[in-house]
Amino acid sequence: MFSEIKQKMSGPWYTIFTPFDKDENIDFEALEKYLTFLYQRGARRFYAMAYNSRYSQLTHAEILSLNEFCIKTLKKLDKDNIVIVGDPIHCSTKESLEFTLHAKEHGADLISLIFREKHFTDDQVLEHFDYIGQKSDFPLLVHEMPFLSGFDGVQMHWPVSLLENLPKVPHIAALKEDAKDFDITCKALSLEPNIKVIIAGGGKAAFRNYRPHGADAWLNGISIIDAKIAEVFWKACINGDVATQDFIINELEQPFFSGVVKKYGWHRTNKALLQAAILMHRRDRMPLKHLSDTEFLEVQNIYNEIEYKWKTWESKKG
């Protein structure tokens, strides 16, 4: 099922971050400018998701408004843009269905479903997705990340048996692979081409390591400041241009991930990087607190270094 949409999913995917104004309301004006900027720099695949898009800080009504706004904005820019939006991090199966039907009604291409209930059995998870798929007749992307065990509360990876049985749910078209574990990721990639896999975590360096195992779609890190970085990298992957790949990984990506991301964590640092790029403010709603002014200066300094290297390289390449 859904072969046409799966064929369009190869390449880089761009997170839809949620900006907040000084009163902590969703800043739709800033969001529109950011989405437009990404599009103008080459982005065509967009993804609103549980954590990067700050669903944990939003009410269910706000998530619906955000999803609708993103779909309409991106489809207005280009009807061929591929747009994925998600459901709340914690809710019932019937509520996830409501979000799926809403996404379908407003023109999304897929719905991203995250399962954050404790895991007791594989059937419990499969029935959840199958119910939503059957009731909506809409392509589903499963957000696969570690569960908490329903028996002892310990964090656990998805059982291999569960991954192997995902194709039994016909409406599962794609998987966001977020285990950050080599063996689990390779097992997920074995589901291709029946289920399209988007690699999350580890950036372009990790994605390149998974290329021999069939990976051809990933979620961006450093390219959140300029979609052209990812588009150039993807072209270099297709053409076997290792020099360009190495430049982007070693000179642009690694200083960011091995520096401020390692020190402050991805979710606080990504918004700070976007503020450094003058794309949106770094504000978040509690309980996630944004970086302090002093911490932000560290991000800004690294951003300036990355921006200089990127613009210098870009000007030489024309």
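The values are calculated or read from the model by the stated rules, or taken from the named source; none is laboratory data. Note that this is a predicted model, so its numbers are computed, not measured. In this analysis, Cβ positions are derived from the backbone assuming ideal geometry, glycine residues included, and neighbour counts consider all displayed protein chains.
Looking at the structure I just gave you, is Leu162 closer than 19 Å to Ile111 by Cα, assigned to a helix (DSSP H, G or I) and either at pLDDT 95 or above or not small (Gly, Ala, Ser) (or both)? Here the answer is no, as Leu162 does not meet what is asked. Against the definition (buried (at least 22 other Cβ atoms within 10 Å of the Cβ) and farther than 20 Å from Arg282 by Cα), how does Pro12 come out, yes or no? Yes: the conditions hold for Pro12.
Going through (1) part of a helix (DSSP H, G or I); (2) within 17 Å of Phe138 (Cβ to Cβ); (3) in contact (Cβ under 8 Å) with a residue 40 or more places away in the chain one by one, Ile84 falls short only on (1). Does Thr294 count as at pLDDT 95 or above, under 23 Å from Asp21 (Cα atoms), under 19 Å from the mean Cα position of the chain (by Cα) and among the hydroxyl-bearing types (Ser, Thr, Tyr)? When the stated conditions are applied, Thr294 does not pass them.
Number of residues in the stretch 1-41 that are assigned to a helix (DSSP H, G or I) and under 23 Å from Ile225 (Cβ atoms): the value is 13. Suppose we filter the stretch 11-37 for residues that are out of contact with any Leu (no Cβ under 9 Å at 6 or more places or on another chain), on the phi < 0 side of the Ramachandran plot and in contact (Cβ under 8 Å) with a residue 40 or more places away in the chain; how many remain? So the answer is 5. Taking the conditions exactly as written (surrounded by fewer than 18 Cβ atoms within 10 Å (Cβ to Cβ), modelled with pLDDT of 95 or more and at positive phi), does Glu62 satisfy them or not? The answer is no for Glu62. Residue count for the stretch 1-43, restricted to those that are charged (D, E, K, R), under 29 Å from Lys235 (Cα atoms) and in contact with a helix residue (DSSP H, G or I) (Cβ under 9 Å, 6 or more places away or on another chain): 2.
Considered as a group, the residues in the stretch 162-179 that are in contact (Cβ under 8 Å) with a residue 60 or more places away in the chain and touching a helix residue (DSSP H, G or I) at 6+ places or on another chain (Cβ under 9 Å) include one that is surrounded by the fewest Cβ atoms within 10 Å (Cβ to Cβ), and that residue is Pro170. Checking Ala174, Ala205 one by one, the residue that is touching a strand residue (DSSP E or B) at 6+ places or on another chain (Cβ under 8 Å) and not β-branched (Val, Ile, Thr) is Ala174 and no other. Output yes when any residue across the stretch 244-251 is touching an Asp or Glu at 6+ places or on another chain (Cβ under 8 Å), crowded, with 16+ Cβ neighbours inside 10 Å and of a type outside the set (Ser, Thr, Tyr), and no when none is. Among the residues of the stretch 244-251, not one is touching an Asp or Glu at 6+ places or on another chain (Cβ under 8 Å), crowded, with 16+ Cβ neighbours inside 10 Å and of a type outside the set (Ser, Thr, Tyr), which makes the answer no.
Of the numbered criteria (1) modelled with pLDDT of 95 or more; (2) among the small types (Gly, Ala, Ser); (3) under 17 Å from Trp13 (Cβ atoms), the one Gly240 fails is (3).
Taken together, the residues in the stretch 98-135 that are assigned to a helix (DSSP H, G or I) and either surrounded by 20 or more Cβ atoms within 10 Å (Cβ to Cβ) or β-branched (Val, Ile, Thr) (or both) amount to 7.
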